[in-house]
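A.B. asks: Structure in structure tokens, see below.
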């Protein structure tokens, strides 16, 4: 072949190579940006109600001969017709002399629910919480096969607690000791002794000389309905590095700042049955908005389906701490301190 015939072929080859190189460079330039949308499944997240101490003891239905309610579980003590100006009263009553007479005192007790009682039911840490995440990343440079840049993401998750469980809690029993004159004998009971407002009757001190509160483990059986619902909006920002694992499969690692916006509301109604005491009831509702800050670590694998599109799956570890707030008289705790998220979605490069 002479030089005249080879020249057109050479020019044709140049015409092909130059645009191809330019297209490759342009393709690199156009692939610096990356969008992805993924379903997000959260684990190791728990929610529960705490602190039942504000349950109000129902008024004792029992009445004195004058019509006043019993002010103790096992009796009553009121000022008598004289106003008890002398520090004594005959307007009192009790149920059992064998258990309520101690030395030269009459023991009166009332019960309540311990303040630290928490529900055992709720949103368990093994339950999955569903949501989604949108991520944008921008490549800033590369070293060999290693690409690096930054990413920013916004995500959403709903946490719901609907608890109708029954659980045991500690009860508190406060015992007051009222003195009586040594050498005298209080009326026998049962049957229960009931002194009158106008008297006369056996006289005891109108104010206690001592008061002791004891804890009864498991002494309160609590039933009811509790609801908590929170919309959790999250934001992530941090650097990333990406490198190939094998053909068409890349691994990206990232970490940085995480922020959570918790918009929560709760309502509850509970009844506590106290061993040897009365019945306590309470209800309430409330709403709160809080901001939590922490950090995250992430690993994501991308399988390139085409030049632009990829299928992606990832694992995130996030530390946002605990959300805890009093909503209508009951404390709700949402534990986001060691959350784990699994993501599955698609990505697009441009």
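A.B. asks: In segment 91-101, which residues are touching a strand residue (DSSP E or B) at 6+ places or on another chain (Cβ under 7 Å) and either in a strand (DSSP E or B) or over 16 Å from residue 188 (Cβ atoms) (or both)?
C.D. replies: Within segment 91-101, 92, 93, 94 qualify.
A.B. asks: Considering only residues that are assigned to a strand (DSSP E or B) and either at pLDDT below 95 or buried (at least 16 other Cβ atoms within 10 Å of the Cβ) (or both), which ones fall in segment 245-258?
C.D. replies: Within segment 245-258, 245, 246, 250, 252, 254, 255, 256, 258 qualify.
A.B. asks: Taking segment 291-328 on its own, how many of its residues are in contact (Cβ under 8 Å) with a residue 24 or more places away in the chain, under 20 Å from residue 242 (Cα atoms) and not in a strand (DSSP E or B)?
C.D. replies: 2
A.B. asks: Next question, about the same structure. Which of the residues that make up segment 178-207 are within 47 Å of the chain's Cα centre (by Cα) and surrounded by 19 or more Cβ atoms within 10 Å (Cβ to Cβ)?
C.D. replies: Selection gives 178, 206.
A.B. asks: Just checking, does segment 37-52 include any residue being under 30 Å from residue 106 (Cα atoms), touching a strand residue (DSSP E or B) at 6+ places or on another chain (Cβ under 8 Å), surrounded by 11 or more Cβ atoms within 10 Å (Cβ to Cβ) and at pLDDT 80 or above? Explain how you work it out, then say what you get.
C.D. replies: Quick first cut of segment 37-52, residues under 30 Å from residue 106 (Cα atoms) only: none.
Taking every residue of segment 37-52 in turn, none turns out to be under 30 Å from residue 106 (Cα atoms), touching a strand residue (DSSP E or B) at 6+ places or on another chain (Cβ under 8 Å), surrounded by 11 or more Cβ atoms within 10 Å (Cβ to Cβ) and at pLDDT 80 or above.
A.B. asks: Sticking with this structure for a sec: Can you name every residue in segment 313-336 that is over 21 Å from residue 137 (Cβ atoms) and surrounded by fewer than 16 Cβ atoms within 10 Å (Cβ to Cβ)?
C.D. replies: 319, 321, 322, 324, 326, listed by residue number.
A.B. asks: Anything in segment 74-89 that is crowded, with 20+ Cβ neighbours inside 10 Å and not in a strand (DSSP E or B)? List them, or say none. It would help to see each step written out before you state the result.
C.D. replies: Restricting attention to segment 74-89, the residues satisfying the condition of being crowded, with 20+ Cβ neighbours inside 10 Å are 74-77, 80, 89.
Residues satisfying the conditions are 74, 80.
The values are calculated or read from the model by the stated rules, or taken from the named source; none is laboratory data. Quick caveat, the model's predicted, so the values are computed rather than measured. Positions of Cβ are backbone-derived with ideal geometry, glycine not excepted, and every protein chain shown enters the neighbour counts.
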